[in-house]
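Shown next, in structure tokens, is the structure this report addresses.
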Amino acid sequence: MNPTDRPTAPDLAGRRVLVTGCGGPAGVAVVEELAALGAVPVAADCDPYAAGLHLGHPAVLLPFADAPDYPRRLLAAAVAQRCAAVVVTVSEELLRVAGLEAEFAAQGVAAWFPAEQAVAACLDKWAFAERIEAAGVAGPRSALGAPGELPGPWIVKPRFGRGSRDVYPVDDPADFPTLLRRVPEPLVQTRLTGREFTADCLIDRDGTVLGSVPRWRSQTRAGISTRGTTFTDARIDVLVAELAAALGLTGVCNVQGFLDEEGPARVVEVNPRFSGGLPISLAAGADLVGQFLRGTLGLPVRPDALRGRDGVTTVRWFAQREALVAAGR
């Protein structure tokens, strides 16, 4: 379904919503979807050249997530723009605002932030590995700093990092000395087999999984799924429920993992936010943005609206920023 053909949501129409991270595909996708639903998105980012700030919607410039006054500036921007709600699409920003929902609500701005400990565990890949192992959730065996006795083949990645930056497959142990010096705070994991998937999920405040839309990661760009096909497998539903319990996740999240023909679905990482591949789930008919906003505003959430159709293949390419660069903006 073309976003312009999607019916508006009467109970969301006209509501102003500030969306952060509009220099990335997740933020842009949320802004576009909110506009399609009849809401009024206010795009926000720390980069004045962020693509989402130049799509014709109201826009504001925010400080970087590590700025001491970031939470206050975010709330002030939402109030100044008369926003009914905020949607944060950057994990590092979520870490700064976690636990501040009541402070935002006191200024008339609704927010649904995941718990600080859940965000921190997702950002720290070693802490994440320890947490899921302790909870018995299926995932790769991991070691910090060196492979130790881990069986190969392996993956080396930064303990703290995003996308595919500084992520290397290793087949020959002789490569470890070089890679372990190159990768900051290296985490070594046994490489999983099977087919790679991503699932966009919405989890209620009590930990109930309201819906998840899995897709095969057919093509990625900078760690973001740019082409995929939706599917259904009950093993992923089990995995998402286990992760929600193990991490204390609520709100939107993005689960990445591998699936073999047999055995459980296995997780590699979780992002506690909307994913860059969100347009694939939206094209499959899953109302992730609308239902998340409803939950944020305290309106009833409809799990039936979160089901995506199987077999939907979508390509997501990044024309907005390239167009702006070509135009000299």
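The values are calculated or read from the model by the stated rules, or taken from the named source; none is laboratory data. All values reported here derive from a predicted model rather than from experimental measurement. Please note: Cβ atoms are built from the backbone with ideal geometry, for glycine as well, and neighbour counts cover all protein chains shown.
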- Query: Going through segment 103-122 one residue at a time, which ones are surrounded by fewer than 20 Cβ atoms within 10 Å (Cβ to Cβ) and in a helix (DSSP H, G or I)?
  - Reply: E103, A105, A106, E116, Q117, A120
- Query: Within segment 55-63, can one find any residue that is within 22 Å of the chain's Cα centre (by Cα), within 25 Å of G163 (Cα to Cα) and modelled with pLDDT under 95?
  - Reply: yes
- Note on the structure: Residue count, segment 286-329, condition of a type outside the set (D, E, K, R), over 19 Å from V17 (Cβ atoms), over 18 Å from the mean Cα position of the chain (by Cα) and at pLDDT 85 or above, comes to 3
- Would you pick out the residues in segment 4-27 that are among the β-branched types (V, I, T) and out of contact with any Pro (no Cβ under 9 Å at 6 or more places or on another chain)? T4, T8, T20
- Condition check for L210: out of contact with any Asp or Glu (no Cβ under 7 Å at 6 or more places or on another chain) and at pLDDT 95 or above: no
- Task: Looking only at segment 254-272, count how many residues are of a type in the set (D, E) and under 17 Å from V167 (Cβ atoms).
- Result: 1
- Message: Among the residues of segment 124-137, are any touching a Leu at 6+ places or on another chain (Cβ under 7 Å), assigned to a loop (DSSP other than H, G, I, E, B) and touching a residue at least 12 places away in the same chain (Cβ under 8 Å)?
- Response: yes
- Message: Could you list, ordered by first residue, the pairs with Cβ atoms under 8 Å in which the first is in segment 285-311 and at positive phi and the second is aromatic (F, W, Y), at least 6 apart or interchain?
- Response: G311/F231
- For residues that are out of contact with any strand residue (DSSP E or B) (no Cβ under 7 Å at 6 or more places or on another chain) and not in a helix (DSSP H, G or I), scanning just segment 233-263, find the one that is nearest to R217 (Cα to Cα). D260
- Confirm whether P41 is surrounded by fewer than 23 Cβ atoms within 10 Å (Cβ to Cβ), within 24 Å of D200 (Cα to Cα) and either modelled with pLDDT under 95 or in contact with a Leu (Cβ under 6 Å, 6 or more places away or on another chain) (or both). no
- What do you reckon, is A110 touching an Asp or Glu at 6+ places or on another chain (Cβ under 9 Å), touching a residue at least 12 places away in the same chain (Cβ under 8 Å) and farther than 21 Å from L192 by Cα? yes
- Within segment 262-281, of all residues that are over 14 Å from the mean Cα position of the chain (by Cα) and crowded, with 24+ Cβ neighbours inside 10 Å, the one farthest from T89 (Cα to Cα) is A265
- Message: Given the criteria over 23 Å from the mean Cα position of the chain (by Cα), more than 21 Å from Y70 (Cα to Cα) and loosely packed, with under 15 Cβ neighbours inside 10 Å, does A135 qualify?
- Response: no
- Picking from G298, G308, G285, which residue would you name as being crowded, with 21+ Cβ neighbours inside 10 Å and of a type outside the set (D, E, K, R)? G308
- Query: Pick from segment 64-102 the residues that are within 18 Å of the chain's Cα centre (by Cα) and either in a helix (DSSP H, G or I) or outside the structural domain of C46 (by TED's automatic domain parsing) (or both): which of them is surrounded by the fewest Cβ atoms within 10 Å (Cβ to Cβ)?
  - Reply: E92
- Give me a count of the residues in segment 191-216 that are assigned to a strand (DSSP E or B), surrounded by 16 or more Cβ atoms within 10 Å (Cβ to Cβ) and touching a residue at least 24 places away in the same chain (Cβ under 8 Å). 14
